[in-house]
Amino acid sequence: MRDKDIDVTPFLRRTLDVRLARPHPSMPTSYQQQHRAGDLHFLKRLNRSAILEQIRRAPGLTRADVATQALLTKATVGAGVQSLLKQGWLREGELQKSNGGRPGRSLYLNDQHYAMLGAEVGVHGLRLVACTLSGELLASHHEHLVPTTPEVTAALLAESLQTLMASPAFAGRHCLGLGVALPGPIDPATPVLRRAPNLGWSDIRFLDLLSPHLPQMTGVWIMDNEAKSAAFGELYFRTGQIPDSLVYVSAGTGIGSGMVEGSHPPLISRGLQGLAGEIGHTILQPGGLYCHCGNRGCAETLVSGWSIRAALGIAEEENLIEAILPRLHEEQVQLTLRRAGEALGTLLLNLHHTQNPSEIVLGGSLVQLGAPLLDPTLAFFKAHQNRLLGTQRQVPLRVIEDSTFIAARGAAAQVLASVIHGPSDLI
Ligand SMILES: [Zn+2]
């Protein structure tokens, strides 16, 4: 007799293939071996993931819509939705008219029950968020910090996370886990921060430093590069018209980028050593100034928070933006920002030609410098992006004025994706 809750569709086979090709770093290597193709429990789990994913990407679908789009039977979807409603993942909305059959209730993620935590360790501060399944911020905290050791940073972050978890907006929710975004390449195979040149850290197992301070924290633990986390969150929390691929450029103390593409869940380009997207260390000026990485003429020597500080004599302890804004009338400031802006435009153009994403998102603290930096950036990109193809079509480029919590929120998105697509049962 056929179990109506078991229904392996082409959609799910694709999901499985993607996982086999790129397992999540946090996924145990024995994951696939734990589940045989005929494991009924495993197949039910996959069906629930597929249903949740459909509703997450297109809120308001009915059970019938989900069955059509996920290529599952109505009975399978009915049973899966029932279980997801009971577990607090979904909620029912208004009754929808239907063409012919019985009207069905629209379905949405339930933003009242679960929450994820995300944190970014920046060169000059810690940024923390707690957010709902839809990516809405429940609570956030930004703490300025002068660069210090990984051990001290982990202790301070743990303290701030404890405070955030005690906030009324978070209390009583089930925490799915914590994602931490860091300013440097992460080893794709193991959770090790390979190097953060602007912090002077090398080969840091940051989660190992953090976890002893948070013994009560359960759920998924993830760490990733800050630009990659930000890119992931920008794509993952999008609903409705979702771009095929997206590059996020983080222009702050350093310059980095992250590219994500596809779905179920989106894949992050990492490369062999986690260096994919480290555009700040692509060389724009051979033989130029020395970079923190040791090479000469890297993009960061032309456009980065640290190179602008060096050019304008702004101390590490000062807030860069607050120090520059009153000086915008100075010729040297204008020249420095114009050159930095053109270098940033060059980087965007190089990304366009090497990655060709469906959308580019520009964020980071340097964006707050406004027109003196961004006008040359955007003008350069716009003027040169179509030379090769001779088309009029402009690639969407979105500038985020306040990207304070974008990487922390993205790290929280990675926690959710890991829970929905990971090896464990949905809670
Ligand atoms: Zn460099």
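Worth a mention:
- Qualifying residue in the stretch 204-226 (condition: closer than 14 Å to Val361 by Cβ, within 16 Å of the ligand (Cβ to nearest atom) and not polar (S, T, N, Q)): no
- A single member of Leu302, Leu320, Leu312 is surrounded by fewer than 17 Cβ atoms within 10 Å (Cβ to Cβ), more than 10 Å from the ligand (Cβ to nearest atom) and either more than 30 Å from Ala189 (Cβ to Cβ) or modelled with pLDDT of 95 or more (or both), and it is Leu312.
- Strands (runs of 3 or more DSSP E) wholly inside the stretch 111-184 containing at least 2 residues that are at pLDDT 95 or above and buried (at least 20 other Cβ atoms within 10 Å of the Cβ): 114-121, 125-131, 174-182
- All positions within the stretch 166-194 that are within 16 Å of the ligand (Cβ to nearest atom) and touching a residue at least 60 places away in the same chain (Cβ under 8 Å): Pro183, Pro185, Arg194
- Qualifying residue in the stretch 277-299 (condition: of a type in the set (Asp, Glu) and within 11 Å of the ligand (Cβ to nearest atom)): yes
- Qualifying residue in the stretch 391-404 (condition: under 30 Å from Gly88 (Cβ atoms) and either part of a loop (DSSP other than H, G, I, E, B) or in contact with a helix residue (DSSP H, G or I) (Cβ under 7 Å, 6 or more places away or on another chain) (or both)): yes
- Pairs where the first residue, in the stretch 274-293, is more than 18 Å from Gly305 (Cβ to Cβ) and the second is more than 11 Å from the ligand (Cβ to nearest atom) and in a loop (DSSP other than H, G, I, E, B), C-beta under 6 Å, 6+ apart: Gly274/Pro185; Gly274/Asp187; Gly274/Pro188; Leu275/Pro185; Ala276/Ser269; Ala276/Arg270
- Count of the stretch 323-355 residues which are away from the ligand (no atom under 16 Å from the Cβ) and either farther than 28 Å from Asn386 by Cβ or free of Cβ contacts under 8 Å to residues at least 40 places away in the same chain (or both): 23
- Residue list for the stretch 249-277, restricted to those being crowded, with 19+ Cβ neighbours inside 10 Å and at positive phi: His264, Gly274, Gly277
- Flag for Thr76 being out of contact with any helix residue (DSSP H, G or I) (no Cβ under 7 Å at 6 or more places or on another chain), of a type outside the set (Phe, Trp, Tyr) and buried (at least 21 other Cβ atoms within 10 Å of the Cβ): no
- Filter pass, Val361 being among the β-branched types (Val, Ile, Thr) and part of a helix (DSSP H, G or I): no
The values are calculated or read from the model by the stated rules, or taken from the named source; none is laboratory data. Nothing here was measured: the structure is a model prediction, and the numbers come from that model. Cβ coordinates were reconstructed from backbone atoms using ideal geometry, including for glycine residues, and neighbour counts include every protein chain displayed.
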